[in-house]
Amino acid sequence: MQYRKLLVAEPGKRLSLKKIDPGFKGKHKSHEAAKPEIEANRQKLAELQPVLWAQKQHALMIVLQAMDAGGKDGTISHVLGAVNPQGVVVTGFKVPTPEEAAHDFLWRVHPHAPARGYIAVFNRSHYEDVLAPLVHGSISQDVCEQRYKRIREFERLLADNGTHVLKFFLHITPEEQLERFAARLEDRQRNWKISESDYAERPNWDRYMAAYEDAISATSEKHAPWYVIPSNHKWFRNLAVSQIIVETMQDLKLAYPAPSVDLKDIRRKYHRAVKDEKGDRNRRG
């Protein structure tokens, strides 16, 4: 199943999250059935990432947005955990600091855009500076529209410089979120994730969904597409996201660069060094 086509938010079209089932599982009925495909995608990522790094003509910027407990950390761990960490930089964007808030809203984001050869992962992103302020009434609709425009320009600039932007909204139900909150309460290793804001934001769920619909509809473009990933089932989330990333990287026609040295000359030097070392050992022995 081609999730890149099925789950993309079509540029220029109005998105309705109510029409997308967060419990969708595609052709697979269980994690066990999907596991071989997930592992195959992880293996392909592990093979493609060093070529991206060596070629240094492209970069990948992966934006993860979701409600609390939507699975951003899990996606990073289970999908991108397959690649060499030297080539991946993960940045989390929280409430702006006083210094950040004193600048334009993209000031804190641009320094974290990836250099060619790198994969950058945004755990929350520049979209937080539209979504939360709009929901809580700290910016007007006019300011919101201006920020959408600046975001489109920012992502166009990145694309023009070889950065391929993939944006994922991890779509869960409020019931699933509550179940995940309950699981955190029972898991000592995840107690630290619990915060007062988790529950404080739940009454704003519908307003957040409306804000996401606006943001995704306004900023999903061919060079920087949004994908709405049904994420009630964590394994399906991992399957869909990994497939989309792999197919995007395969489209780049990545290839290792040609050697910058004369390999014949290097081989001659290598064989000469081996011969000399062997001769030295024989003389000493």
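All conditions but one from (1) within 19 Å of the chain's Cα centre (by Cα); (2) farther than 18 Å from F169 by Cβ; (3) among the basic types (K, R) apply to K29; the one that does not is (1).
Only a single item in (1) farther than 14 Å from M67 by Cα; (2) part of a helix (DSSP H, G or I) is not met by N204, and it is number (1). For A59, the conditions (1) over 20 Å from H223 (Cα atoms); (2) crowded, with 19+ Cβ neighbours inside 10 Å are fulfilled apart from (1). Considering the conditions (1) part of a loop (DSSP other than H, G, I, E, B); (2) free of Cβ contacts under 8 Å to residues at least 60 places away in the same chain, Y270 is excluded by exactly one of them, (1). Among the candidates L45, L15, the residue that is over 30 Å from D198 (Cα atoms), modelled with pLDDT of 95 or more and of a type in the set (A, V, I, L, M, F, W, C) is uniquely L45. Checking every residue in segment 78-87 against the condition of being within 24 Å of Y148 (Cβ to Cβ), in contact with a Lys or Arg (Cβ under 9 Å, 6 or more places away or on another chain) and surrounded by fewer than 17 Cβ atoms within 10 Å (Cβ to Cβ) gives zero matches.
Within segment 72-82, can you find the residues that are outside any helix (DSSP H, G or I) and modelled with pLDDT under 95? Across segment 72-82, there are no qualifying residues. Take G12 and decide whether it is without any contact (Cβ under 8 Å) to a residue 60 or more places away in the chain and of a type in the set (G, A, S). It is true that G12 is without any contact (Cβ under 8 Å) to a residue 60 or more places away in the chain and of a type in the set (G, A, S). The residues in segment 129-153 that are within 20 Å of T97 (Cβ to Cβ), among the charged types (D, E, K, R) and without any contact (Cβ under 8 Å) to a residue 40 or more places away in the chain can be counted, and the count is 1. In segment 96-108 there is no residue matching the filter, namely being touching a strand residue (DSSP E or B) at 6+ places or on another chain (Cβ under 8 Å), under 28 Å from Y208 (Cβ atoms) and not in a helix (DSSP H, G or I). Of everything in segment 248-267 that is part of a loop (DSSP other than H, G, I, E, B) and aliphatic (A, V, I, L, M), the residue that is surrounded by the most Cβ atoms within 10 Å (Cβ to Cβ) is L254.
Residue count for segment 1-32, restricted to those that are acidic (D, E) and in a loop (DSSP other than H, G, I, E, B): 2.
Here is the figure for segment 172-191: residues that are more than 22 Å from Q65 (Cβ to Cβ) and not in a loop (DSSP other than H, G, I, E, B) total 6. Please determine whether any residue of segment 83-94 is in contact with a helix residue (DSSP H, G or I) (Cβ under 7 Å, 6 or more places away or on another chain), part of a loop (DSSP other than H, G, I, E, B) and closer than 17 Å to D129 by Cβ. Yes, segment 83-94 has at least one match. Regarding segment 22-34, can at least one residue be identified that is surrounded by 14 or more Cβ atoms within 10 Å (Cβ to Cβ), closer than 30 Å to R147 by Cβ and out of contact with any strand residue (DSSP E or B) (no Cβ under 9 Å at 6 or more places or on another chain)? No - not one qualifying residue is present in segment 22-34.
For the residues I151, I245, the requirement of being farther than 16 Å from L15 by Cβ, of a type in the set (V, I, T) and either assigned to a helix (DSSP H, G or I) or in contact with an Asp or Glu (Cβ under 6 Å, 6 or more places away or on another chain) (or both) singles out I245.
Listed here are the residues, each with its yes/no results for (1) under 23 Å from K25 (Cα atoms); (2) loosely packed, with under 15 Cβ neighbours inside 10 Å.
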| site | (1), (2) |
| --- | --- |
| D187 | no, yes |
| P203 | no, yes |
| R207 | no, no |
| Y212 | yes, no |
| T219 | no, no |
| P225 | yes, no |
| V228 | yes, no |
| W235 | yes, no |
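The residues of segment 167-179 that are crowded, with 19+ Cβ neighbours inside 10 Å and either farther than 22 Å from V95 by Cβ or of a type outside the set (K, R) (or both), listed by number, are F168, F169, L170, H171, I172, E176, Q177.
Consider segment 58-71 and keep the residues that are closer than 20 Å to I244 by Cα and in a loop (DSSP other than H, G, I, E, B). The one that is farthest from the chain's Cα centre (by Cα) is H58.
The values are calculated or read from the model by the stated rules, or taken from the named source; none is laboratory data. For clarity, every value in this text was computed on a predicted model and none was experimentally measured. Glycine also receives a Cβ, built like all others from the backbone with ideal geometry; neighbour counts cover every protein chain displayed.
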